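Written out below as structure tokens is the structure these notes cover.
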Amino acid sequence: MSNEKIILGIDPGTTIMGFGLIKVENKQMKFVQMNELLLQKYKDPYTKLKLIFERTIELIDTYHPDEIAIEAPFFGKNVQSMLKLGRAQGVAMAAGLSRQIPITEYLPKKIKMAITGNGNASKEQVARMLQSTLGLKSLPKNLDSTDGLAAAVCHFYNEGKIDVGKSYSGWDAFVKQNSPPTPKGGVGNTPIVNLRKKKS
């Protein structure tokens, strides 16, 4: 069994998608790369989703990650923003699932807690902690890439723990975990309940 693996972390977004990669050797992390996909100049939302999918596939085919950690959308004041984030996340997940790579979702608070010990930490605090932990020479202008890197590091810290987040090993697992429950008695076989009391 190999003691080496690569984790791809993704911070999905329709304006900027951040990502980072770490290599784990003998339970030690090594920084591989972080970057971002800039999507501001594209007006068509479907073009953005296509580019997110293609970039994720490109990262997978280039670095061959063994696992993917992705930041889950959080509920904010703007429902439209959450829907856009959910689409971006879904497309990135679909890319990983199409290559049969296990995926784990982490809530933003869980990622921040894993990196800094504070679930309400700022992007800057997360970035500085990653810089210190991984020995990064400098930090990027936009911190979306460090958010992606943070997801990968969070996954490393949570390895082997129970209830780390939602995990999917492939399409079948994804569909099974996200399908609505079947009504009791099956579809169209709802039992009839007699509410009348029997006369004694």
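Is it true that some residue in region 142-156 is at pLDDT 50 or above and out of contact with any strand residue (DSSP E or B) (no Cβ under 8 Å at 6 or more places or on another chain)?
Taking every residue of region 142-156 in turn, none turns out to be at pLDDT 50 or above and out of contact with any strand residue (DSSP E or B) (no Cβ under 8 Å at 6 or more places or on another chain).
Does Lys166 satisfy the condition of being at pLDDT below 95 and over 14 Å from the mean Cα position of the chain (by Cα)?
For Lys166, the condition - at pLDDT below 95 and over 14 Å from the mean Cα position of the chain (by Cα) - is not met.
With respect to Leu107, is the statement that it is touching a residue at least 12 places away in the same chain (Cβ under 8 Å), farther than 14 Å from Phe156 by Cα and of a type in the set (A, V, I, L, M) true?
yes
Looking at region 118-155, which of its residues are of a type in the set (Asp, Glu) and touching a Lys or Arg at 6+ places or on another chain (Cβ under 9 Å)?
Of everything in region 118-155, those that are of a type in the set (Asp, Glu) and touching a Lys or Arg at 6+ places or on another chain (Cβ under 9 Å) turn out to be Asp144, Asp147.
Please go through (1) within 15 Å of the chain's Cα centre (by Cα); (2) of a type in the set (A, V, I, L, M); (3) under 13 Å from Asp11 (Cα atoms); (4) surrounded by fewer than 20 Cβ atoms within 10 Å (Cβ to Cβ) for Met82 and return the number of the only condition it doesn't satisfy.
(3)
Does region 12-25 contain any residue that is open to solvent by 30 Å² or more (accessible area, probe 1.4 Å), of a type in the set (Phe, Trp, Tyr) and within 27 Å of Ser138 (Cβ to Cβ)?
Looking through region 12-25, none of the residues is open to solvent by 30 Å² or more (accessible area, probe 1.4 Å), of a type in the set (Phe, Trp, Tyr) and within 27 Å of Ser138 (Cβ to Cβ).
Out of all the residues in region 37-57, is one or more in contact with a Cys (Cβ under 8 Å, 6 or more places away or on another chain) and among the aliphatic types (A, V, I, L, M)?
For region 37-57, residues in contact with a Cys (Cβ under 8 Å, 6 or more places away or on another chain) and among the aliphatic types (A, V, I, L, M): absent.
The values are calculated or read from the model by the stated rules, or taken from the named source; none is laboratory data. Given the structure is predicted, the values throughout are model-derived calculations rather than measurements. Neighbour counts run over all protein chains shown; Cβ positions are idealised from the backbone, glycine included. Accessible surface areas use protein heavy atoms only, side chains included; no ligands, DNA or RNA. Shrake-Rupley method; radii C 1.70, N 1.55, O 1.52, S 1.80 Å.
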